[in-house]
Number of protein chains: 2
Amino acid sequence: MEKLVLLSYGSGGELMRELIEKDYLKYLSNPILDELLDSAVFELSGKLAFTTDSYVITPIFFKGGDIGSLSVYGTANDLAVVGAKPLFISLSFIIEEGLPIKDLHKILESISNASKGINVNVVTGDTKVVEKNKGDKIFINTAGIGVIEPNRDWRSRKVDVDDVVIVSGDIGEHGLYIMLERLGMKTDEIVKSDMGYVGSFVLPLLDNFEGIKFVRDATRGGVATVLNEIAYKYNVEIEIEEDLIPTKDWVLQASEILGIDPLYSANEGKVVIIADKSQAQDIINFLKKFELSANATIIGKIITNKKPRVYLLTKIGSRRILESLKGDILPRIC
Amino acid sequence: MEKLVLLSYGSGGELMRELIEKDYLKYLSNPILDELLDSAVFELSGKLAFTTDSYVITPIFFKGGDIGSLSVYGTANDLAVVGAKPLFISLSFIIEEGLPIKDLHKILESISNASKGINVNVVTGDTKVVEKNKGDKIFINTAGIGVIEPNRDWRSRKVDVDDVVIVSGDIGEHGLYIMLERLGMKTDEIVKSDMGYVGSFVLPLLDNFEGIKFVRDATRGGVATVLNEIAYKYNVEIEIEEDLIPTKDWVLQASEILGIDPLYSANEGKVVIIADKSQAQDIINFLKKFELSANATIIGKIITNKKPRVYLLTKIGSRRILESLKGDILPRIC
């Protein structure tokens with residue numbers, strides 16, 4: 001019979017100890033985690049970044065990854081965009097009773113591979129189990145800690161008129177793919193999530209270009225929402241050109257079918273960058289050297305510092321205000 | 001009409017921004033959080049502790065606290081028991097759609113009060129909303145970071161024969177009270193959770209006594225499970241005396257009714273301490289000065305370093321092996 005996660009796995013007793021010592025340590029062992037203290041302990045100094053995200057994506061397994069790798073990359077990305085090299089992550093599971101143990105193993109293996117791939121260690125964790133229909137298979141929370149080298153800290157730089165807006169690659173893939181998947185549509189191999197670790201190109205970029213003034217990964221709410229956040233944070237008007245936005249054909253097709261604009265669809269491996277105009281082309285050339293940012297493109301610029309607003313120059317030549325995501329419902333895509 | 005949390009609050013768009021800027025910052029504002037970057041950024045140096053816990057307790061409001069204060073104290077306690085002063089916490093909500101906004105406000109207020117009371121700041125956060133019956137009102141994850149002053153680091157000290165076993169006060173209250181509450185039993189004012197911040201006495205204790213060799217808060221699995229963890233970690237036999245264990249009358253009565261041994265019932269403000277015999281009485285006298293450890297008691301000692309085992313000398317004079325919590329189900333008490 002298939003082994004399932006039981007409520008008692010979350011009770012703090014013998015079964016939980018077995019789960020931790022046999023299953024978790026098998027996949028995630030490292031000297032800090034192996035101590036199994038109430039807290040992980042390590043030496044660290046400097047300017048630190050600290051972030052958290054919970055992942056409630058459905059389905060939990062999907063093309064391009066699963067909820068496990070997503071929970072590693074997503075949190076590592078939130079560190080990388082502020083210029084931090086991710087070092088340590090915490091891992092907390094909220095499991096609905098009845099999850100097949102083999103699914104938990106698959107997720108642990110995926111977490112193991114993702115974290116090894118980007119050189120971070122899971123150093124502390126927690127497991128709770130809730131009753132059937134009080135959760136949904138598995139929710140994961142990761143928090144992460146990283147160190148910001150002084151030259152990578154863009155926070156004091158001022159976004160201003162003439163700065164360029166860059167996206168690191170084709171947009172809208174994660175959200176649209178997950179919606180297609182959820183609708184049960186058969187899709188080609190190229191139709192998949194863009195999930196990946198943006199630190200692979202963001203950190204070297206920050207090392208090389210002092211003209212980088214802002215970086216954010218365009219997850220929930222998509223590129224349009226990030227641009228509005230920038231407009232409000234720096235009180236600037238931003239103009240982007242629809243023609244310039246790099247978008248895969250399948251994304252455009254899916255967006256027509258589903259009525260979801262790629263500009264509002266979540267990405268899991270793309271960032272929006274604001275940079276000094278004088279370095280713009282060098283930045284693009286630099287980004288093109290990295291696999292995950294090979295299609296980096298300048299899509300617009302800051303036009304005034306008078307008020308917070310984002311405009312889209314459309315393909316047909318009109319100009320319209322591009323607002324933040326409103327009430328639209330794309331639930332549980334991350 | 002009562003305002004409810006909608007799925008779109010978790011979508012990353014306008015509604016989420018309103019929730020963050022109006023509601024979260026109202027209760028939790030501090031200079032680091034107010035930046036609203038993808039990661040919190042702060043300077044910190046030294047030996048750091050890092051921990052995480054998810055809270056899925058039901059009911060979410062209870063006598064002695066609620067899921068909000070529990071999520072602050074629980075994570076602060078995991079830091080304090082390894083000798084760390086808690087400084088920063090992350091806060092991540094997984095909300096079932098339909099939660100009344102007033103409940104969310106009540107929880108935010110409770111988080112605000114608890115964190116101010118122990119001088120920690122919520123510096124980063126996340127909100128996800130899941131559909132009806134895919135969650136249960138609200139789950140909270142907190143991760144925490146603290147700093148360990150060198151003199152508070154007990155990890156290298158060796159637990160050995162003749163060391164004493166101390167509990168910091170009356171045991172079993174949180175778990176038994178939550179079970180009574182869930183059964184809908186009317187209870188006196190004194191019948192409540194013991195939830196509290198153990199750092200209030202653990203940190204000064206570590207400053208004053210080098211003979212403290214181990215500290216752990218006895219949450220899920222209770223005192224019996226922590227004692228077994230100690231026995232296995234240090235390969236020692238531990239003997240405790242039932243007669244010495246401080247327990248409130250209502251706990252003993254509830255434990256008879258519910259068939260749950262207080263030694264296996266969760267505490268949320270109690271720790272198990274292993275200490276050098278020579279300092280034992282001074283430690284007890286010191287602990288008695290603090291409100292949360294006023295009833296600290298020596299309940300046993302380490303008797304051999306031959307094998308991992310815990311014994312209970314019962315009131316009727318027999319001696320039995322006290323095992324870890326087995327399959328027993330006390331789900332969702334934290």
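The values are calculated or read from the model by the stated rules, or taken from the named source; none is laboratory data. These figures come from a predicted structure and were not determined experimentally. When we count neighbours, we look across all protein chains shown, and the Cβ atoms used for this are built from the backbone with ideal geometry, even at glycine. Only protein heavy atoms, including side chains, enter the accessible area calculation; ligands, DNA and RNA are left aside. Shrake-Rupley method; radii C 1.70, N 1.55, O 1.52, S 1.80 Å.
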Every residue from the range B:28-55 that is more than 30 Å from B:Trp154 (Cβ to Cβ) and within 22 Å of the chain's Cα centre (by Cα): B:Leu28
Subset of the range A:122-135 (residues that are touching a residue at least 60 places away in the same chain (Cβ under 8 Å), within 15 Å of A:Thr52 (Cα to Cα) and of a type outside the set (Ser, Thr, Tyr)): A:Val122, A:Val123, A:Gly125
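Residue by residue, here is whether (1) within 30 Å of A:Tyr55 (Cβ to Cβ); (2) in the same structural domain as B:Ile118 (by TED's automatic domain parsing); (3) touching a residue at least 40 places away in the same chain (Cβ under 8 Å) holds:
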| position | (1), (2), (3) |
| --- | --- |
| B:Lys137 | yes, yes, yes |
| B:Ile140 | yes, yes, yes |
| B:Ala143 | yes, yes, yes |
| B:Met195 | yes, no, yes |
| B:Val215 | no, no, yes |
| B:Trp250 | no, no, yes |
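Okay, residues lined up against (1) closer than 25 Å to B:Ser11 by Cα; (2) touching a His at 6+ places or on another chain (Cβ under 9 Å); (3) without any contact (Cβ under 8 Å) to a residue 40 or more places away in the chain:
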site	(1), (2), (3)
A:Pro59	yes, no, no
A:Ile67	yes, no, no
A:Val72	yes, no, no
A:Pro86	no, no, no
A:Lys116	no, no, yes
Residue match in the range A:89-111 (condition: open to solvent by less than 20 Å² (accessible area, probe 1.4 Å), among the small types (Gly, Ala, Ser), at the interface with another protein chain (Cβ under 8 Å from one of its Cβ atoms) and under 19 Å from the mean Cα position of the chain (by Cα)): yes
Residue among B:Val202, B:Val223 that alone is touching a strand residue (DSSP E or B) at 6+ places or on another chain (Cβ under 9 Å), over 18 Å from B:Arg157 (Cα atoms) and within 14 Å of chain A (Cβ to nearest Cβ): B:Val223
Pairs where the first residue, in the range A:230-247, is in the same structural domain as A:Ser265 (by TED's automatic domain parsing) and the second is at pLDDT below 95 and among the polar types (S, T, N, Q), C-beta under 7 Å, 6+ apart: none
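Residues checked against (1) crowded, with 24+ Cβ neighbours inside 10 Å; (2) at the interface with chain A (Cβ under 9 Å from one of its Cβ atoms); (3) of a type in the set (D, E, K, R); (4) within 30 Å of A:Val226 (Cα to Cα):
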{"position": "B:Gly13", "(1), (2), (3), (4)": "yes, yes, no, yes"}
{"position": "B:Asn30", "(1), (2), (3), (4)": "no, no, no, yes"}
{"position": "B:Leu36", "(1), (2), (3), (4)": "no, yes, no, yes"}
{"position": "B:Ser45", "(1), (2), (3), (4)": "no, yes, no, no"}
{"position": "B:Ala49", "(1), (2), (3), (4)": "yes, yes, no, no"}
{"position": "B:Ser54", "(1), (2), (3), (4)": "yes, yes, no, yes"}
{"position": "B:Leu70", "(1), (2), (3), (4)": "yes, no, no, no"}
